[in-house]
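Coordinate-derived values only; no laboratory data. Bear in mind that the values here come from a model prediction, so they are computed numbers and not experimental data. Heads up, the Cβs are rebuilt from the backbone with ideal geometry, glycines too, and the neighbour counts pull from every protein chain shown.
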Amino acid sequence: MELWQTLKRLPDIAWVKAGKLCARKRPHLLPVYDKVVNAALHAPDDFWLSLHRWMQEQSNVDRLHEVRDDAGIGNDISLLRILDVAIWMRCHGMESVAALSDVHRHLRELSKPGRCVIK
């Protein structure tokens with residue numbers, strides 16, 4: 001959090017860019033949280049708490065592992081990044097990708113139904 005706050009104080013670094021830089025620095029700890037993710041999840045009151053609760057469900061974690069394995073992606077790609085890609089795919093109309101169908105279902109449980117509207 002301290003890194004995020006420090007980055008935000010720099011010129012031309014808003015919350016999205018600061019968050020993406022933090023996620024890049026610590027991909028197994030911090031997810032990408034940007035306007036697309038915000039819109040896809042319909043800005044939950046507490047994104048971090050919602051994400052924490054969702055990741056506590058072993059079935060969700062297991063499914064993210066399956067998606068990563070099915071895609072032939074190595075363990076160096078974090079489960080949080082897999083989730084981020086699933087959100088982006090859902091948001092951009094790629095919901096029919098079979099390997100991510102269960103992830104989409106779980107995402108719908110986490111978020112309200114509907115398409116992403118980025119404001």
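Computed extension gain for Ile13 through Gln58, at 0.36 nm per residue and net of the alpha carbon distance, reaches 12.7 nm. Applying the criteria of a DSSP loop state and at most 13 other Cβ atoms within 10 Å to the trypsin sites (Lys or Arg not before Pro) of the stretch 1-45 yields Arg9. Extension gain for Trp4 to His28 (0.36 nm times residue separation, less C-alpha to C-alpha distance): 7.1 nm.
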